[in-house]
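Notes for the one structure printed next.
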Amino acid sequence: MGVPIQPARMREPFSGNDIRRWAQAMHYPNRLHYDSDYAAGSRFGGLLAPQSFCVAMDDAHGTGPSCVGLIPNSHLIFGGDEWWFYGQKVFPGDMLHNHRVALDYAVKETKFAGPTCFQRGDNYYYNQDGDLIAKQRSTAIRYNPDAAREMGSMGPSEDPEWSDEQIVDLENKKYDWIKMLHDLGHGKRWWDDINVGDVLPTRIIGPHSIASFTTEWRSYLFTLWCGVKRRTDLDMEALGFTDEMAGKEQDPVLELDNPEQTDGAYIGPSRGHLFPRWARHVGMPRAYGYGASMGAWILDYFSGWAGEWGEIVHSNCSYRAPSLAGDISIMDATVTEKSINEEGQHLVHVDFKMVNQDGVVSATAKAEICLPKK
């Protein structure tokens with residue numbers, strides 16, 4: 001604990017299409033992040049990345065420093081992310097690196113898999129000028145998949161079915177949130193106009209599918225062949241991952257010889273997300289989404305509401321259950337407090353919850369969002 005691991009480093013600067021790919025994969029239709037003409041009329045004068053984007057450059061979704069040490073016969077899922085943002089934005093042409101330090105761990109008894117290790121690690125994202133953009137404190141949940149299968153707590157293995165009428169209704173509800181983005185446009189959401197008890201507009205994503213999970217996966221730079229500078233200290237077997245899931249994901253030597261053997265979409269611990277057989281192998285009932293993507297949905301929900309003149313200052317998210325194929329994710333939040341911090345920022349405090357169509361809670365969060373003052 002407290003020892004840095006190898007930093008995550010990019011090969012080439014971000015392009016506008018890297019940002020567009022991320023916004024599309026995260027289902028975030030904020031025109032600041034994909035429409036150059038619209039972005040040119042913003043306060044920034046051009047395309048910029050969402051606040052959720054830093055994690056796209058990392059070779060482990062930000063969970064690298066929260067997965068160190070040998071735990072035999074184990075698998076890993078994301079448990080949560082806490083973010084601090086420092087006002088620096090990410091633009092096309094930027095180069096990021098991530099300084100990563102293991103923080104702490106605790107073993108707890110869970111209904112999901114019995115004895116479970118909760119590990120935390122810190123990520124410090126810097127740009128090419130050395131400016132600190134964000135700090136991410138990631139939580140990894142490391143568990144015995146045999147125990148998870150035996151306890152059978154993850155639900156049915158078949159995707160829920162949605163009628164054509166239900167899909168149309170969902171699309172209309174999803175557009176209500178998109179229209180909120182359009183209505184605010186380049187305008188300001190004033191701190192003065194917000195009251196305790198106000199409810200943020202509902203955001204819906206889904207139904208999730210193997211296709212949508214794959215789209216999300218491919219928006220992370222490390223999922224591309226030679227997309228990032230690979231770590232040389234990453235050894236899935238040394239971490240204790242089960243034999244069938246250890247693989248050679250992200251192996252820098254094998255990538256140059258037979259890159260398909262290093263692609264986490266097909267081989268290694270990440271394939272449980274996209275293949276129901278391997279999802280069940282690690283204790284999940286069917287294909288399931290990425291914790292890092294879930295975290296991005298939450299950050300985008302906050303920042304989309306804040307608008308281009310606002311920003312997230314701090315967010316603390318806990319992931320309670322995976323987003324499974326066939327499910328939808330419904331996001332809501334309520335204003336609980338207004339304050340002014342020591343830096344003079346005018347903050348709105350919100351409580352957040354994300355549930356599926358059956359009301360099962362998949363994530364909760366608390367955040368402080370800075371808004372402009374009249």
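The values are calculated or read from the model by the stated rules, or taken from the named source; none is laboratory data. This one's a predicted model, so the numbers in the text were calculated from it and none came from an experiment. Counting neighbours? That spans all protein chains shown, and the Cβs are built from the backbone with ideal geometry, glycine included.
Below is a table of values for the structure above.
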| read-out | value |
| --- | --- |
| Residue list for the stretch 204-230, filter: under 19 Å from Pro50 (Cβ atoms) and of a type in the set (D, E, K, R) | Glu216, Arg218 |
| Candidates Pro92, Pro72 - the one that is in contact with a helix residue (DSSP H, G or I) (Cβ under 9 Å, 6 or more places away or on another chain), more than 24 Å from Ala211 (Cβ to Cβ) and surrounded by fewer than 20 Cβ atoms within 10 Å (Cβ to Cβ) | Pro92 |
| Single condition Trp177 does not satisfy, out of (1) part of a helix (DSSP H, G or I); (2) modelled with pLDDT under 95; (3) in contact with a Gly (Cβ under 8 Å, 6 or more places away or on another chain) | (2) |
| Per-region count, the stretch 19-41, residues touching a residue at least 40 places away in the same chain (Cβ under 8 Å) and more than 24 Å from Met331 (Cβ to Cβ) | 1 |
| Of residues in the stretch 160-203 being surrounded by fewer than 12 Cβ atoms within 10 Å (Cβ to Cβ) and of a type in the set (A, V, I, L, M, F, W, C), the one nearest to the chain's Cα centre (by Cα) | Val199 |
| Pair list, Cβ under 6 Å, 6 or more apart: the stretch 87-107 residue touching a residue at least 40 places away in the same chain (Cβ under 8 Å) and under 13 Å from Ala56 (Cα atoms), other residue of a type in the set (Gly, Ala, Ser) and not in a strand (DSSP E or B) | Val90/Ala49 |
| Of residues in the stretch 23-63 being part of a loop (DSSP other than H, G, I, E, B) and in contact with a His (Cβ under 8 Å, 6 or more places away or on another chain), the one surrounded by the fewest Cβ atoms within 10 Å (Cβ to Cβ) | Arg43 |
| Per-region count, the stretch 215-226, residues among the β-branched types (Val, Ile, Thr) and either in contact (Cβ under 8 Å) with a residue 60 or more places away in the chain or loosely packed, with under 14 Cβ neighbours inside 10 Å (or both) | 1 |
| Enumeration of residues in the stretch 123-149 that are in contact with a helix residue (DSSP H, G or I) (Cβ under 8 Å, 6 or more places away or on another chain), farther than 15 Å from Gly87 by Cβ and either of a type outside the set (D, E, K, R) or buried (at least 21 other Cβ atoms within 10 Å of the Cβ) (or both) | Asn123, Gln136, Ser138, Thr139, Ala140, Pro145 |
| Residue in the stretch 229-238 that is out of contact with any Lys or Arg (no Cβ under 9 Å at 6 or more places or on another chain), surrounded by fewer than 12 Cβ atoms within 10 Å (Cβ to Cβ), on the phi < 0 side of the Ramachandran plot and modelled with pLDDT of 95 or more present | no |
| Residue within the stretch 218-234 that is within 19 Å of Gly304 (Cα to Cα), more than 24 Å from the chain's Cα centre (by Cα) and not aliphatic (A, V, I, L, M) present | no |
| Filtered residues of the stretch 88-101 (kept if out of contact with any Ser or Thr (no Cβ under 7 Å at 6 or more places or on another chain) and either not hydrophobic (A, V, I, L, M, F, W, C) or not in a loop (DSSP other than H, G, I, E, B) (or both)) | Gln88, Lys89, Gly93, Asp94, His97, Asn98, His99, Arg100, Val101 |
